[in-house]
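Engineer: Take this structure first; my questions come after.
Every number in this text was worked out from the coordinates using simple rules, so none of it is lab data. Since we're looking at a predicted model, the values are computed, not measured. Glycine gets a Cβ as well: all are built from the backbone with ideal geometry, and neighbour counts include every protein chain shown.
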Amino acid sequence: MSESAPSANPNGPATPQLTRNEGLKSSNPGLAATITSTLADANADHFTDDDKEFLKFHGCYQQDDRDVRKAGKQYIMMVRGRIPGGIMTPAQWITFDDLSANYGNNTLRITTRQSIQFHGILKSNLRALIKGVNDCLLSTLAACGDVNRNVMAAPTPVQTTARAEMMKDVYRVVEALAPKTKAYHSIWIDGVEIPTDNPVNKDFADPLYGPQYLPRKFKTCFVMPPVNDMDVFTNDLGFIAIVENGNLAGYNLTVGGGMGRSHGNEATYPRLADVLGFFPKEHVVEIAKAVLTIHRDFGDRTDRKHARLKYVVQERGTDWTRAEVEKRAGVKLENARPFKFETTGDVYGWHKALDGTSFFMLFVETGRVKEQKKVALRHIAEKFSNVEFRLTANQNIIIANVSEADKTGINAVLAEHGVPTENQASVLHSMAMACPALPTCGLALAESERMLPNLVDRIEKLCAEVGLAGEEIIIRSTGCPNGCARPYMAEIAFVGKAPGRYQLWLGGDTSGTRLNRVWKDVVKDPEIEAELRPLLSRYATERNNGERFGDWAARVLWSETPEPTRVLANA
């Protein structure tokens, strides 16, 4: 989106003007715009450029099928659910399955933020799908847009009761940070047009967000050490659960993380959040509101590429940020309490939970639930009403709360549809992530989801040739630099620059506590093995005992090719 040009100021320097998005939000703080009338217009196959910005607040992106763009744009919609902590009942899973079959492309895409995206939706089916999500007691409101988005939370059953305590706080924060616009219900549930002179449409100001909402998106997550499966440091706002004597004492607060950047713009960069301190759990809502309103009040509204909270924290400093949080929350932060992260990965297969039930971690390649795996999950949801579906930030699915009797039945369903319960994926595939990219995402510069599985096969073959067969390496890819699959945390990452061309990033770690670095600005897809071969060969012979590839790359390659860039400002 183009930004407004600065206005001339005869008395001094030019005054930067607000971006177009800020003007749109100010003129229509109820977020209704003319969405309802466009939905009712059978001759319109898409929304206006203005309305598509408002649609994002309602959980919808207007896209087109880029595979057929040469023949003319075929408009389709992507709708994203807001699923706090990634938790779904079997009935909700069945609803989502039905909606994908009836109105989408018959797949469910698990996101890297514990949600589900529907793809391939025609405008004529949009209202029915969103209403269906709402009817099953979930929502799409605030799944996108300049608001707090889906709140993430550690999904894996752990050997403590503290997770249940943490989930109560998750829902408190979800409710506290949810936008209060009435337009969502009017448009998608009642199908009622809100007149332009209605206060809901013109003068309504959200009590938390205000008339202009946030300068950009805002991401929140809860995580429970020693597992950092949420990549907590990549979020604007993070809560690291501190468990003492089996109980949840409170949280270490992290602020100022974010992955997005732009090629060729050094003022944009990925950043890891700072740990500001510890606070008792009873203050979680006050702290959450304090951090969000700092973004609201100090975020850049003149340049959307510079509008994330991470730039406020980077430029004003952690001392200023901590003091501002304390002032707004009315809470004095204590020194951060000790914690340690060991992994960001999921544990596949069957495992026992503390309460004696079992849970099953199902591998989903690049998060795309389809074909026999989709059918099997539908049958499990229909037959076992007491289980719980949990989405992971690594794009996989947990079937939790499984009794011993039901475990046998679930295994039978999976076997019937050819879904393995053991050895579900090779070690490299099991750790890989990709964003959807082409053909649906309008920002994609290169392939990602459709490219990555085959590329991982190629890298596995290369690893076997250099003596690294079976070695775990975290590989992630994105079709553009915006970072939706968190590529800047991977040991090896491919970031799209153009069709068939990628930036190569190396050196992230398994605990999710270190950014990687650009190794090569452009690598053509056919040349990837040639670029990686000498690196993997050196790693095989030079590594220390037990040293991972990312750690070796940071220790050896970074010392050989120092890169003092802003990308590493707080690495």
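Engineer: In whole Å, what are the extents of the range 350-425 along the principal axes defined by its C-alpha atoms, from largest to smallest?
Structural biologist: Principal extents (Cα only, largest first): 31, 26, 22 Å.
Engineer: At q = 0.20, 0.23 Å⁻¹, what log₁₀ I(q)/I(0) does a Debye calculation on the Cα points of the range 275-366 give, no solvent, two decimals?
Structural biologist: Rounded to two decimals, the profile gives -0.94, -1.09.
Engineer: Using only DSSP helix segments of four residues or longer, with each worth -39500 (n - 2.57), what per-residue ellipticity at 222 nm results for the chain after dividing by its residue count and rounding to 500?
Structural biologist: Per the formula, -8500 deg cm²/dmol.
Engineer: Write out the cysteines belonging to the chain for which the nearest other cysteine Cβ is not under 4.7 Å, or none if no such cysteine exists.
Structural biologist: Cys60, Cys136, Cys144, Cys221, Cys441, Cys463, Cys480 - these cysteines have no disulfide-compatible partner (Cβ-Cβ under 4.7 Å) in the chain.
Engineer: If you don't mind, another one. Along each principal axis of its Cα atoms, how long is the range 10-98 end to end? Whole angstroms, biggest number first, please.
Structural biologist: On the principal axes, the range 10-98 reaches 64, 40, 27 Å in Cα extent.
Engineer: What full-extension length gain, to one decimal in nm, is calculated for Lys524 and Glu465 as 0.36 nm per residue of separation minus the Cα-Cα distance?
Structural biologist: 19.1 nm
Engineer: Sticking with this structure for a sec: Taking Rh as the Kirkwood radius, which is the inverse of the mean 1/r over Cα pairs, what is the Rg/Rh value for the range 428-568?
Structural biologist: 0.94
Engineer: Compute for the chain: radius of gyration divided by Kirkwood radius, i.e. Rg/Rh, restricted to C-alpha atoms, rounded to two decimals.
Structural biologist: Computed over Cα atoms, the ratio is 0.95.
Engineer: Of Lys70/Lys217; Lys219/Lys281; Lys374/Lys497, which pairs sit farther than 23 Å apart, going by alpha carbon to alpha carbon?
Structural biologist: Exceeds cut-off: Lys70/Lys217; Lys374/Lys497.
Engineer: With a 10 Å Cβ neighbour count serving as the proxy for reagent exposure, in which order, fewest first, do Val495, Val456 appear?
Structural biologist: Val456, Val495
Engineer: Okay, next question. Counting DSSP beta bridges in the range 428-568, what percent are antiparallel, to the nearest 5?
Structural biologist: The antiparallel proportion sits near 65 percent.
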